[in-house]
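Notes follow the structure.
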Amino acid sequence: MRKRVLSGIQPTGNIHIGNYLAAVQNWVLRQDEFENIFCIVDLHAITIYQDPRILKRQIRQLAALLIASGIDPQKSFVFVQSQVSAHAQLAWILNCFTPMGWLNRMTQFKEKSKECKNEVSTGLFDYPVLMAADILLYETDLVPVGEDQKQHVEFARDIAKRFNSIYGPTFKIPEVLIPEVGARIMGLDEPTKKMSKSKERFGHAIYLLDSPDQIRAKIMAAVTDSGRDIHFDQSRPGIYNLLVIYELFTKYPRPDIERRFEGKGYVALKKELIEVIIEHLRPLQSRYQKLMEDSGQIDSILQKGAVAVRPITEKTLAAVKEKVGLW
Ligand code: TYM
């Protein structure tokens, strides 16, 4: 029996290389090893206000980007969260078993609520419970995510254990799967903070749909330090981040990378990194453009994904309702 993997990604904007290198690329690389379920989490996206026309378009764009990145709909189910109503239903039930103190401890809520220009929604506070529902509905074995989502997966484990201890074995306890390298890709303009979709500064992140000129400008402007030597040294966050990005795009071993840049300065690394990223993204972008010419095809993949996963969710939801005493 292959292990079941579930992960999710928000359809807010064009995804960046942090999302790609820590999450999507790993989903693709291990697609044959697991049974895969990937969810475009639009219900999570609306915890912060989204323009409805833009959100609809971004859902399709993200689906096309995932497929262009190598997610194969023959090997993985890809669907939109709001199309499978059990996610919201299970989230409600889990809400009733979630102490508010547990949610108060979530670091992402603290950060995001500070960023909110308007009022902070109850949905944003409750975000981890919906994420727990996403995971627990599928008897998930593994949840491959970047480091910033680790606390949320641990939260899902805690809720599952709490529910199981009240009602007897119901949920499988999932494991988090964090990449050894690149679990936290940092902002190019601020290498001590994680690369984030919500930062609007031009030089902060490289997006999968960036043009060669944009990639060039962003990498050349990336913050480094006043040194010259090129080593994987975490105490020099700017250069370390660039080296990790280089490593993940090329898959070269670290000693080879260090040897390659021996005696060369940061500009040499930056110039080569630019070419590596452009060449990696070029075929991905052209697959994306082709897919977007036929949005009917994308919609049909998402539709099929939802139809395929619904029975799994209905079985779990029925078991949970029975345990809790609902009709
Ligand atoms: P999201 O959409 O913010 O990010 C998608 C994936 O990208 C990872 N990631 C990063 N990894 C490394 N460096 C970074 N700078 C970086 N930024 C983002 C995230 O860790 C994630 O793996 N709450 C989730 C979506 C979600 C989910 C789920 C995930 C909803 N339900 C169930 C797993 C299982 C999120 O907002 O990811």
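The values are calculated or read from the model by the stated rules, or taken from the named source; none is laboratory data. In this text, all values refer to a predicted model and were calculated from it rather than measured experimentally. Cβ atoms come from the backbone with ideal geometry, glycine included; neighbour counts cover every protein chain shown. Note: accessible area is taken over every heavy atom of the protein model, side chains too, but ligands, DNA and RNA are not part of it. Shrake-Rupley method; radii C 1.70, N 1.55, O 1.52, S 1.80 Å.
Each peptide in 57-68, 192-203 was scored by the mean count of other Cβ atoms within 10 Å over its residues; highest first, the order is 57-68, 192-203.
Let me have the relative contact order for the stretch 212-289, percent, based on Cα pairs under 8 Å that are six or more residues apart. Relative CO of the stretch 212-289 lands at 36 percent.
In the chain, helical runs assigned H by DSSP with n ≥ 4 each contribute -39500 (n - 2.57); averaged across all residues and rounded to the nearest 500, the mean residue ellipticity at 222 nm is -16500 deg cm²/dmol. Distance between the modelled labels on ASP213 and GLN108, one decimal in nanometres: 3.5 nm (7 Å Cα→Cβ projection). Along the stretch 201-208 the Karplus relation, 6.51 cos²θ - 1.76 cosθ + 1.60 evaluated at θ = phi - 60°, assigns HN-Hα couplings of 5, 3, x, 6, 9, 9, 9, 4 Hz to successive residues, with x for each Gly and Pro.
Of all complete DSSP H helices in the chain, those with a Cα span along the helix axis of 30 Å or greater and a mean Kyte-Doolittle hydropathy of -1.0 or more are 266-293, 295-324. First select every other residue whose beta carbon is under 15 angstrom from the beta carbon of GLY8; then total the charges, Lys and Arg +1, Asp and Glu -1. Within the 15 Å Cβ shell, the charges total 0.
Ignoring ligands, DNA and RNA, what percent of the accessible area of the chain is carbon or sulfur (1.4 Å)?
The C+S portion of the solvent-accessible surface of the chain is 53 percent.
About its Cα centre, the chain has a charge dipole of approximately 260 debye under the convention of +1 per Lys or Arg Cβ and -1 per Asp or Glu Cβ, with nothing else charged. Sorted from longest to shortest, the spans of the Cα atoms of the stretch 212-289 along the three principal axes equal 40, 25, 19 Å.
Model label points for CYS96 and GLU147, set 7 angstrom from Cα along the Cα-to-Cβ axis, are 3.9 nm apart. Quote the relative contact order of the chain in percent (integer), defining contacts as alpha-carbon pairs under 8 Å separated by 6+ residues. This gives 22 percent for the chain.
May I ask you to list the residues of the stretch 118-140 whose amide nitrogen lies under 14 Å from a point 7 Å from Cα along the Cα→beta-carbon direction of ALA319? Counting only backbone N, you get 135-140. Close amide H pairs (under 5 Å, H built 1.01 Å from N) link VAL176 with VAL143, residues at least 5 positions away or on another chain.
Note on GLU180 and LYS271: their simple-model spin labels are 3.3 nm apart, each label 7 Å out from Cα toward Cβ.
Straight-line reach from LYS251: taking Cα to Cα under 19 Å and skipping same-chain neighbours fewer than 8 places apart, the lysines in range are LYS270, LYS271. Cross-link partners of LYS161 among lysines, defined as those whose alpha carbon lies under 16 angstrom from its own and excluding same-chain residues fewer than eight positions apart: LYS172, LYS323. Computed extension gain for ARG201 through ALA221, at 0.36 nm per residue and net of the alpha carbon distance, reaches 6.0 nm. Using 0.36 nm per residue and subtracting the Cα-Cα separation, the extra length available between HIS231 and GLU279 on full extension is 14.9 nm.
Charges were assigned to the Cβ only: +1 to each Lys and Arg, -1 to each Asp and Glu. The resulting dipole of the stretch 212-289 about its Cα centre is roughly 180 debye. Largest first, the three principal axis extents of the alpha carbons in the chain are 70, 45, 44 Å in whole numbers.
Based on the alpha-carbon gyration tensor of the stretch 93-210 and its eigenvalue square roots a ≥ b ≥ c, which shape applies: rounded if a/c is under 1.5, prolate if not and a/b is larger than b/c, or oblate? Oblate. Solvent exposure of the chain amounts to 49 Å² per residue of accessible area, where only protein heavy atoms count and the probe is 1.4 Å.
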